[in-house]
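Q: I'd like to ask you about the structure that follows.
The values are calculated or read from the model by the stated rules, or taken from the named source; none is laboratory data. As the structure is a computational prediction, the values presented were derived from the model and not from experiment. Neighbour counts run over all protein chains shown; Cβ positions are idealised from the backbone, glycine included.
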Amino acid sequence: MDSAMSSNERAPIHRMLWFRLTLRFAALFTGLTLLVFLLLDYSLRAHFRSEVEEDLTLDIEEFAGILEEEGVDGVQAEFDREVEFEGEETVYLALLAPDRSFLARTDPAPWPVVDTDGLASLALGESKIRPIPAPDQAHSGLFIEARLPDGRYLQMADSMKEKEELIDFFRLLLGAALVVMLVCGFGLGWFITRRAMIEVDRLADTATRIAAGDLSLRVPIGNQGEEIKRLGLAFNEMLGRIDALLLELKEVTNNVAHDLRSPITRIRGMAETTLTGASELPLFQETTGAIIDECDRLVGILNTMLEIAEANTGMADKPNDLVNIAHLLGDAQDMFLPVAEEKGVSLDLQVVGTEHCVARGGESKLQRVFANLIDNAIKYTEAGGGVRIQVAATSSNLRVTVEDTGCGIAEQDLPRVFDRFFRGDSSRSSNGYGLGLALAQAIIRSHGGDILVASEVGKGSQFTVCLPGSNSIRHLAAAVGNCQ
Ligand code: ADP
């Protein structure tokens, strides 16, 4: 039901991204802390044990020295001092004769596990350490047995109770710290992911409100972090484009409705008049011919509109020909020369930078563009005037200017000349639907270029087509070859 879930219904918490991220963050945090704690615990135990082992070994050496200097009584006195200082439950000390009878010892009662069984296996000067339970049975201890070079034995037991209590306290602290870490990890994870997700939520909310119909809304762009900012900007840009497309669609629909209504009404009028009045065959034929002409014009308008839409949306299959612009304009000049001469208008072509006069794209489409511009230039220029086509090509850009000495375009009309169905006052008496320049602009833009206009009423107009230069085209040698 994911896709069916409406966006303002909240999903269960375990499916929220912030919750999952927080959980993972906390688990990772805890896992790592636990690992560190276990390592610490292990190394602390190992360290304490080796410390006690080292102490016991040193003590054996110390008691051997006392035995040599002060005899058995000296050792017993030292044993007593140790027990008095440490406590009977903490240490056990014994000195044994070579026949393993006791010469000196502390109270063995708290140390029932201590025996003399292992002494027989000790070689002269050898010592052995083994773990034993401490007198309270809850802790452990270490027991060392050594055979002195003169054959006597020393036994010592040491309780690890104090050290283990320290470890227990340390564990308690670690446990408490672990709980604090867990809570902090979860809290911190929640805070961080929630903050990031708030911006994503805001995007989703805006998208939901837009889906409900309010296309004017935009995501607020603030200081939310670069990634979210980029997402927001891209989102707003997309909305702007959709908004503009919808507006254009609305305008086009209005224009189409408006512009198609007149020819359709005309067709209907002609058909009605013929049906009710005409009885002669020649009259029928004449009306039918006129209807066919009107239909052709309608189809022409519709086709041009489809071409503009295709070029604007980039839906059309993009041709990738290498087009020699100088040749193309030369052909156009040849084609329009008779019309221009008939009207008494001169038509010149001037090419600068022949070696770079190539463009990549659709030849027939570019032909349409320049044919429209030249056609307009002749159409809006009175007899005695002139039209000049200039090509200036460099490696970085290609400019074609179609300039005329015609009636010009009013300043307030200049921004609208590329709009679909726009027709200036000067064009009322001439043929056309106001689609030629819109198509030219859509085609040039789909070729990565642009088209500009400059004009002065009574003096003439200048349309400039800019296209990417030849250095953006591979296989230039072949293309230039075609240009010569
Ligand atoms: P149309 O079929 O009306 O020529 P276009 O889209 O080609 O449609 O041109 C739109 C309008 O721009 C024209 O109706 C005209 O008013 C103006 N226009 C275009 N080219 C020129 C020009 N060379 N001189 C004066 N006006 C022009």
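Q: Just a yes or no: is a residue in region 402-417 within 18 Å of residue 367 (Cα to Cα) and among the basic types (Lys, Arg)?
A: The answer is no, given that none of the residues of region 402-417 is within 18 Å of residue 367 (Cα to Cα) and among the basic types (Lys, Arg).
Q: Oh, and also: Checking the conditions here, which among 374, 389 is aliphatic (A, V, I, L, M), crowded, with 20+ Cβ neighbours inside 10 Å and part of a helix (DSSP H, G or I)?
A: Being aliphatic (A, V, I, L, M), crowded, with 20+ Cβ neighbours inside 10 Å and part of a helix (DSSP H, G or I) holds for just one of 374, 389, which is 374.
Q: For region 412-422, name all the residues that are away from the ligand (no atom under 11 Å from the Cβ) and either under 38 Å from the mean Cα position of the chain (by Cα) or aromatic (Phe, Trp, Tyr) (or both).
A: Hit for region 412-422 is 415, nothing else.
Q: For region 320-345, which residues satisfy the criterion of being in contact with a helix residue (DSSP H, G or I) (Cβ under 7 Å, 6 or more places away or on another chain) and over 21 Å from residue 432 (Cα atoms)?
A: 321, 322, 323, 324, 326, 328, 329
Q: Which pairs do you get when a residue that is on the phi > 0 side of the Ramachandran plot, found in region 429-443, comes within reach of a residue that is basic (Lys, Arg) and more than 6 Å from the ligand (Cβ to nearest atom), reach meaning Cβ atoms under 9 angstrom, with the pair 6+ apart or on two chains?
A: These pairs meet every condition: 432/379; 434/420.
Q: Considering region 379-413 alone, what residues qualify as being among the hydrophobic types (A, V, I, L, M, F, W, C) and closer than 16 Å to residue 434 by Cα?
A: Those that are among the hydrophobic types (A, V, I, L, M, F, W, C) and closer than 16 Å to residue 434 by Cα: 409, 410.
Q: Give just the number: which of (1) within 10 Å of the ligand (Cβ to nearest atom); (2) of a type outside the set (Gly, Ala, Ser); (3) in a helix (DSSP H, G or I) does residue 409 not satisfy?
A: Among (1) within 10 Å of the ligand (Cβ to nearest atom); (2) of a type outside the set (Gly, Ala, Ser); (3) in a helix (DSSP H, G or I), the lone unmet condition for residue 409 is (3).
Q: Is it the case that some residue within region 32-44 is in a helix (DSSP H, G or I), at pLDDT 90 or above, out of contact with any Asp or Glu (no Cβ under 7 Å at 6 or more places or on another chain) and not aliphatic (A, V, I, L, M)?
A: yes
Q: Another question, if that's okay. Which strands (runs of 3 or more DSSP E) does region 75-152 wholly contain that include 3 or more residues that are surrounded by fewer than 15 Cβ atoms within 10 Å (Cβ to Cβ)?
A: 127-133
Q: Here is a follow-up. If we keep just the residues of region 423-445 that are more than 7 Å from the ligand (Cβ to nearest atom) and modelled with pLDDT of 90 or more, which is nearest to the chain's Cα centre (by Cα)?
A: 445
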